[in-house]
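A.B. asks: Here it is, the structure, as structure tokens.
Read the figures in this text as sums done on the coordinates, not as results from a lab. Only a predicted model underlies this, so the values are computations on that prediction, with no experimental measurement involved. Because the Cβ atoms are built from the backbone with ideal geometry, glycine has one as well, and the counts that use them run over all protein chains shown.
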Amino acid sequence: MPANRSKSEKHDAAAKPVRRDPYEVLGVSKNCADQEIKSAYRRMALKYHPDKNANDPKAADMFKEVTFSYNILSDPDKRRQYDTAGFEAVESENQELELDLSSLGTVNTMFAALFSKLGVPIKTTVSATVLEEALNNLVTVLPLPMGQPISKKVEKQCAHFYSVRITEEEARSGFVCRVQSSDKSKFKLLYFDREENNGLSLALQEDSAKTGKVTSAGMYFLGFPVYRLDQTMNSVAASKDPDAAFFKKLDGFQPCEITELKAGDHVFAVYGDNFFRSANYTIEALCAAPYKEEKEYLRAVETQILTKRVEISKFETEYREVLAQFTEMTSRYAQEMQAIDELLKQRNEIHASYTSAPPMKRSRSKSREKTLLKRGS
């Protein structure tokens with residue numbers, strides 16, 4: 001017969017939200033391809049986006065549910081864990097905080113900016129307005145010549161679109177698109193697929209990250225899997241446990257969805273992701289042909305990182321065990337040190353009692369004397 005649950009346990013069970021199957025939420029089958037998941041998410045995210053459903057709490061809840069489901073199914077590891085053990089396997093870590101700044105009021109934006117300044121990474125979404133204009137082919141696309149950097153300023157929650165033409169030879173050699181900001185502006189680098197109606201749908205995005213004296217983001221299509229590092233993964237959990245910041249550091253190291261681009265025209269965009277101000281940037285498209293050594297070096301380094309991720313996962317178990325022993329030993333060390341100091345203090349008091357002056361009243365209690373005699377025996 002099952003044991004009766006406490007009131008707190010019943011309250012926790014009642015408070016815990018009921019999750020729907022992510023496949024059901026996105027309307028896809030369990031054996032569907034990654035592209036089907038991506039397409040379903042784009043369609044539903046635009047449908048329920050806060051920009052298009054102001055003051056509609058049901059749409060807001062649906063948008064959160066769709067985003068949460070996509071976060072599970074778009075990550076190969078999370079999807080495999082969910083398929084094997086359900087939500088418990090993927091909810092062991094806190095859910096990532098993801099915000100669409102275009103739909104935030106002034107007060108909420110200020111809170112988001114404060115968290116960012118405190119060092120808590122906040123994953124933001126691209127404005128639905130930008131995505132819908134792109135999908136309806138209502139954006140201006142500027143040419144981006146190969147090997148010729150272009151410097152501009154993009155307003156917050158707006159995007160500049162660029163088209164790059166890649167030849168057959170350049171496609172075989174590999175292609176790189178990089179964006180940098182010398183004043184450390186916050187931005188996203190986006191890549192769009194061309195739809196049948198000539199509209200543009202978001203396929204890839206890279207958030208800018210600080211690298212030295214600049215912020216930068218890049219997409220590398222080199223004909224083999226190139227990995228990206230998502231800095232926001234497990235950031236909340238890591239902030240609660242300093243050691244977790246180290247052990248979770250490589251959890252966000254995941255392969256990019258696209259490894260190469262075919263010859264033809266390809267559209268990229270720079271999205272202003274700052275909270276309050278515009279973003280200054282320089283974008284450049286490069287053929288990877290002159291960078292053969294760099295390509296092989298990148299492949300080798302990323303292989304080492306993957307190996308290191310496995311090693312660190314095993315090392316964490318050993319570290320936690322040793323840390324527990326160390327904590328126990330340091331606690332005993334403090335207790336033993338305190339006991340020794342107390343005994344030496346009592347010894348000094350006894351020595352001081354041997355004097356020609358009239359004996360003073362002893363300050364030690366009987367229980368203290370018994371303790372001293374017991375330890376000395």
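A.B. asks: Which distance in Å, rounded to a whole number, links the C-alpha centroids of region 172-218 and region 279-303?
C.D. replies: Taking the Cα centre of each part, region 172-218 and region 279-303 sit 13 Å apart.
A.B. asks: For every other residue with a beta carbon closer than 9 angstrom to the beta carbon of residue 215, add +1 if it is Lys or Arg and -1 if Asp or Glu, then tell me the sum.
C.D. replies: On the way: positive: 184, 186, 210; negative: 183.
Its environment carries a net charge of +2.
A.B. asks: Shifting gears a bit: Give 47/295; 30/249; 38/295 a once-over and call out the pairs whose C-alpha atoms are over 32 Å from each other.
C.D. replies: 47/295
A.B. asks: Still on this structure, please answer the following. Could you work out the local net charge near residue 266, counting Lys and Arg as +1, Asp and Glu as -1, over the other residues with Cβ closer than 12 Å to its Cβ?
C.D. replies: Working: positive: 165, 194, 262; negative: 170, 193, 260, 265.
Result for the local shell: -1.
A.B. asks: Also, I was wondering about something else. Can you put 52, 210 in order of Cβ neighbours within 10 angstrom, beginning with the fewest?
C.D. replies: Ranked by crowding around the Cβ, least crowded first: 210, 52.
A.B. asks: Per residue of region 179-189, in order, report the coupling 6.51 cos²θ - 1.76 cosθ + 1.60 (Karplus, θ = phi - 60°) as ³J(HN,Hα) in whole Hz, putting x for Gly and Pro.
C.D. replies: My calculation for region 179-189 gives 10, 10, 10, 6, 9, 6, 5, 9, 8, 10, 9 Hz in order.
A.B. asks: Can you work out the FRET efficiency for the pair residue 259 and residue 132, with r the C-beta to C-beta distance and R0 = 22 Å, to the nearest 0.05?
C.D. replies: Calculated transfer efficiency: 0.15.
A.B. asks: Gain in length, residue 328 to residue 282, computed as 0.36 nm per residue apart minus the alpha-carbon separation, to one decimal in nm?
C.D. replies: Taking residue 328 through residue 282 to full extension adds about 11.2 nm, to one decimal.
A.B. asks: Amide H of residue 157: which non-local residues (sequence gap of 5 or more, or other chain) have their own amide H closer than 5 Å, using H built in the peptide plane?
C.D. replies: Excluding prolines and chain starts, which carry no amide H, the hits are 272, 273, 274.
A.B. asks: Another question, then. With a cut-off of 20 Å, note down the residues of region 160-177 whose backbone N falls inside the zone around a label point 7 Å from the Cα of residue 289 toward its beta carbon.
C.D. replies: Answer for this model: 164-177.
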